[in-house]
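J.: I'd like to ask you about the structure that follows.
The values are calculated or read from the model by the stated rules, or taken from the named source; none is laboratory data. Note that this is a predicted model, so its numbers are computed, not measured. Positions of Cβ are backbone-derived with ideal geometry, glycine not excepted, and every protein chain shown enters the neighbour counts. We work out accessible area using only protein heavy atoms, side chains counted, and drop any ligands, DNA or RNA first. Shrake-Rupley method; radii C 1.70, N 1.55, O 1.52, S 1.80 Å.
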Amino acid sequence: MKKRDILTPIGITLGFVMLMFGILASGGSGGFSSFVQVSSILIVIGGLAAAILINFNLEQLKLTRYVLKEAFHKNEQSLPELISLFTRLSERARREGLLTLENELEDVDDPFLKKGILLAVDGIEPEMINDIMSAEIAALEERHLKGRTILEKAGEYAPAWGMIGTLIGLVLMLNNLQDPSTLGPNMAVALLTTFYGTVLANLVFIPMAGKLENKTDEEIFFKQIVIEGVIGIQSGQNPRILEEKLSAFLSNEMKQKAGKQAEEEFMGESVHEA
């Protein structure tokens, strides 16, 4: 289940707000308007867009919308709940057989998890299940990498085009040294293009690419636990042993939280029975 990730817009907004606050607090004569230079914006944005169009093909560029969307959403994946699910499925499989697990699929939303259970129900060998599901993880990682590369390249190109704008401003300034009135505007172009490119790279593109990489790592980690659970069910492992094996993927904090929750549920059931 996907939810909005408010940290991404909060981080970007906070960064720009702090930049504006720093500019206004500096007390310069021009204030915020001194940092608005249309020609610098056109150089950075135009050059960046041109470089992206040259670097990527149309199919890759179509991924941009989905990639940006993913940076503002997060997957609600609870590892303790996943382990509890596999423990329950393992108990039922040992008690009633693997075929009965098909009835459990109605409550499973994750396609990867559902596919794994179906493979186990179909009697596929554990080695083959591991190969099939690992191949799907590799394909997912490759797709995510292609989408993330667009942001990473944008993070590389933005400062470079800022530097190009700086060179343009310096050339213009040196060509008009005889006219002192042009020195200020040309120097502004020279400096502000570097400013714009650096801000876009380090506040937008590179952090968003980093967030997407972290999300990919988390998703792969989740799917690896799914593979271990499915193979454990298919091979008929003891539910307690499977639970202990999967619990090794949890951090100490998650283990403590899961144990406390289980204890509270047990106490609640005891009170209810009493």
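J.: For the chain, what's the relative contact order in percent, using C-alpha pairs closer than 8 Å and at least 6 residues apart?
T.: Once divided by the residue count of the chain, the mean separation gives 29 percent.
J.: Quickly estimate the mean residue ellipticity at 222 nm for the chain, helices only: each DSSP H run with n ≥ 4 gives -39500 (n - 2.57), and the total goes over all residues, rounded to 500.
T.: About -26000 deg cm²/dmol.
J.: Please give the contour-minus-distance gain from T64 to D107: 0.36 nm per residue of separation, less the Cα-Cα distance, rounded to one decimal in nm.
T.: Extra length from T64 to D107 when fully extended: 12.3 nm.
J.: Cβ neighbours within 10 Å, averaged per peptide: list 71-83, 153-165 in order, most packed at the top.
T.: 153-165, 71-83
J.: What do you reckon, how do S235, S40 stack up by accessible area (1.4 Å probe), largest on top?
T.: Reading off the accessible areas and sorting them downward yields S235, S40.
J.: Just to verify a number: FRET efficiency for V36 and D131, C-beta to C-beta distance, R0 = 51 Å, to 0.05?
T.: Between V36 and D131 the formula returns 0.35.
J.: Which percent of the accessible heavy-atom area of the chain goes to carbon and sulfur, probe 1.4 angstrom?
T.: 61
J.: Among rounded, prolate and oblate, which fits region 80-192 when a ≥ b ≥ c are the square roots of the eigenvalues of its C-alpha gyration tensor, a/c under 1.5 means rounded, and a/b larger than b/c means prolate?
T.: The shape class here is prolate.
J.: Just to compare against my own numbers: the Cα pair-distance distribution for the chain, 10 Å bins, whole % per bin, please.
T.: 6, 20, 23, 17, 13, 10, 7, 3, 1, 0
J.: Given an 8 Å cut-off on Cα distances and at least 6 residues of separation, report the relative contact order of region 145-244 as a percent.
T.: 33
J.: Over region 92-152, what is the relative contact order in whole percent, taking alpha-carbon pairs under 8 Å and six or more residues apart?
T.: Relative contact order comes out at 22 percent.
J.: If I require 27 Å or longer along the helix axis, counting alpha carbons, and a Kyte-Doolittle average no lower than 0.0, what helices from the chain are left? Use full DSSP H segments.
T.: Span-like helices here: 126-175, 206-234.
J.: Another question about this same structure. Please report, to one decimal in angstroms, the Kirkwood hydrodynamic radius of region 1-133 built from all distinct Cα-Cα pairs.
T.: 20.5
J.: Before I look further, what does the chain give for accessible area per residue, probe 1.4 Å, in whole square angstrom?
T.: It amounts to 60 Å² per residue over the chain.
J.: Now, a different point. Please report the projected area of region 127-254's Cα convex hull averaged over all directions, in nm².
T.: 11.0
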